[in-house]
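Asker: Before we start, here is the structure in question, set down as structure tokens.
Any read-out appearing in this document is the output of simple, stated calculations on the displayed coordinates, not a laboratory observation. What you are looking at is a predicted structure, and each value in this text was computed from that prediction instead of being measured. All Cβ positions, glycine included, derive from the backbone under ideal geometry; neighbour counts span all protein chains shown.
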Amino acid sequence: MIQDPAAANAVQEAMRLIQAGALDDAEALCRKTLAETGDHPDLLHALGLVLAQGRDFAAAAAAIERSVALHGANADANYNLGVILEKLGRLDDAVAAWRRAADLAPAYAAVSANLGLALTRMARYEDAFAVYDAALAHHPDNADFLFWAGNALTGLERGPEARPYYEKAVTVRDDFAEAWHFLGMAARDDGDVAAAIRSQEKTITLRPDSADAHFELAQALLLKGDFARGFDEYQWRWRRPQSAPRTFPHPPLGDGDPAGRSVLLYGEQGVGDTLQFVRYAPLLAAEGARVTVSCHESLLRLFAGTEGVERVVPLFQEPDDVDAHAPLMDLPRRFATTVDTIPASVPYIPVPPAPAIEGLDGAGAKTRIGIVWSGNPQQPNNRNRACPLELMARLAAVEGTAFFSLQVGDPAADLAGLDPSAGIVDLAPRLGDFHDTAAVIGQLDLVITVDTSVAHLAGALGRPVWLLLSHVADWRWLSDRDDSPWYPTMRIFRQDRPGDWPPVIARVAEAVKREAST
């Protein structure tokens, strides 16, 4: 630090003027003194702060960058430089400035906060966690650092490791609603459904209008099998920006009498959800409704023969003669569904007839098994639910079996990298839509699939299906069960640990051996 009484006095007066809001006077003082003393790091720093207050961030950054070039061992200057660079969108440079400040002053809480949050926004979660971990050595009871450290681990998909950080954060600050919310999600990822429910209920106590907390509570309640409360809470999904309901010219069906009315049922989420909940169409038809189903184009032919469905239209087509509408996923609540009262009579979608398919016919007396190893790669959770093909292909080595790929989309290209000796027949060229896939499944003895639409399709068709589930599974599969009340012909194989597919495949292989030997 350069010692200069004139500069020191000018800096002190400039700070007073900034606090008083006299920015023009503060800037004039800094510039006058700089002209008299030459470049002085403290004066340049003060000038940068004045300019930043006036929102001239480019000039402010230039002044403080000059200050740091002259005297870099100033944690405050590096910290303030980072704040200004961030406002200019120069996030990498801001991170560099905050790192210098952190090296100079490891206990500087504001530096750690800004640096960690910036790294988190950049999805550099490992680096962000390291920053918060170091900050906690100096501020062990800082609830914000604990919360942010948990968020970094959550970003790394290490929810169970994040849980202790969230738990300590809410111990330090009991009214920390956001930490309670994230604790609930971490507990769910840890398989502790009861703790997930308690945490989300606490969040709602603190923030009654939190749609995200109500939605996560719904997921936990449904996972537990508490459908009555779960489907009530699930209505909060409509208040989340990413789930805004569609608008129609006609009223929602709600709990009204459908008798004699034309009711439009529509899929609001993925194809799998539509396949699962179209089972409620016959229940509405039995109450006197004329049911039209609006669905993804790939389901049109398949649903045309479904019981209780009078008409099928593309997803966003709205016939003029409709009297009321309802999203398919509202129907379990409307019919007061419990685990014991799920309408699970299968098949509720008839198996379409199909011509002879080369390869299937040639399988002879072998057990014919269809496989799917991946869902839509664009789905955020697909990296967890997908099973590497090279692992699933080990099943094809079981004597007395013939394997057929039902995989479509980009993951189907994985077959090209597989050793041809695996002998898996690619049926993707024959699968134009779900009607085609259903026709093929009708000719198979078994389908083995990860959590994707084919699992729902095979179950809806009443065909034997084995579902391979990731450790953190969707609510519809409940917890700690190897069967599904939604699909009587389904058997479930679950991961014991996140990402650990080999033991699952080993168990499936043993089951396939028994299947092929009967």
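Asker: Once the Cα atoms of helix 502-517 and of the chain are each reduced to a long axis, what angle between those two axes, in degrees from 0 to 90 to the nearest 10, is obtained?
Answerer: Relative to the chain, helix 502-517 is tipped by roughly 0 degrees.
Asker: Still on this structure, please answer the following. Karplus couplings for the range 295-311 from phi (6.51 cos²θ - 1.76 cosθ + 1.60, θ = phi - 60°), rounded to Hz, Gly and Pro as x?
Answerer: 3J(HN,Hα) across the range 295-311, in whole Hz: 9, 4, 4, 5, 9, 4, 5, 5, 6, 4, x, 7, 4, x, 9, 7, 8.
Asker: With charges set only on the Cβ (+1 for Lys and Arg, -1 for Asp and Glu), what does the dipole of the range 161-244 come to about its Cα centre, in debye to the nearest 20?
Answerer: 140
Asker: Can I ask one more? Using alpha carbons only, how many angstrom separate the centre of the range 402-426 from the centre of the range 208-277?
Answerer: 37
Asker: I would also like to ask the following. Using packing as a proxy for protection, rank 321-333, 421-433 so that the peptide with the highest average count of other Cβ atoms within 10 Å comes first.
Answerer: 321-333, 421-433
Asker: Count the lysine pairs in the chain whose Cα atoms sit under 28 Å apart, keeping only pairs 8 or more residues apart in sequence or on different chains.
Answerer: For the chain, qualifying lysine pairs total 5.
Asker: How much length is gained if the chain between residue 9 and residue 194 is pulled fully straight, taking 0.36 nm per residue apart and subtracting their Cα-Cα distance, in nm to one decimal?
Answerer: Value of the extension gain: 60.4 nm.
Asker: Rounding to the nearest 20 debye, state how big the charge dipole of the range 262-341 is about its Cα centre with +1 on each Lys and Arg Cβ and -1 on each Asp and Glu Cβ.
Answerer: Around 200 debye, computed over the range 262-341.
Asker: Measuring from centroid to centroid over Cα atoms, what is the spacing of the range 19-77 and the range 94-119 in Å?
Answerer: Answer, in whole Å: 21.
Asker: I'd like to know which of 283, 263, 316 lies farthest towards the positive end of the charge dipole of the range 262-341, counting +1 on Cβ of Lys and Arg and -1 on Cβ of Asp and Glu.
Answerer: 283
Asker: Using amide H atoms built in the peptide plane, which far-off residues or other-chain residues are under 5 Å from residue 492 H to H?
Answerer: 467, 483
Asker: Find how many whole Å separate the alpha carbon centroid of the range 459-518 from the alpha carbon centroid of the range 279-354.
Answerer: About 26 Å separates the Cα centre of the range 279-354 from the one of the range 459-518.
Asker: Between residue 294 and residues 5 or more places away or on another chain, which pairs have amide H atoms under 5 Å apart, with H built 1.01 Å from N, and which residues are they?
Answerer: Hits under the 5 Å cutoff: 265, 266, 267, 313.
Asker: Among (1) 27.9, 101; (2) 26.4, 100; (3) 30.4, 98, which one is Rg and Dmax of the Cα atoms in Å computed from these coordinates?
Answerer: The calculated read-out lines up with (3).
Asker: Same structure again: Grab the DSSP H runs of the chain that are 4 residues or longer, score each as -39,500 (n - 2.57), total them, divide by all residues and round the 222 nm result to the nearest 500 deg cm²/dmol.
Answerer: -14500 deg cm²/dmol
Asker: If one takes the longest principal axis of the Cα atoms in the chain, at what angle in degrees, from 0 to 90 and to the nearest 10, does the Cα axis of helix 125-138 lie?
Answerer: 50
Asker: From the square roots a ≥ b ≥ c of the eigenvalues of the alpha-carbon gyration tensor of the range 424-518, which class results: rounded (a/c under 1.5), prolate (a/b over b/c), or oblate?
Answerer: prolate
Asker: Cβ under 11 Å from residue 227's Cβ, residue 227 left aside: what net charge do those residues give with Lys, Arg +1 and Asp, Glu -1?
Answerer: Around residue 227, the charge tally is 0.
Asker: Pairing the Cα long axis of helix 41-53 with the longest principal axis of the chain, what angle in degrees results, from 0 to 90 and rounded to the nearest 10?
Answerer: Long axis of 41-53 versus the principal axis of the chain: about 50 degrees.
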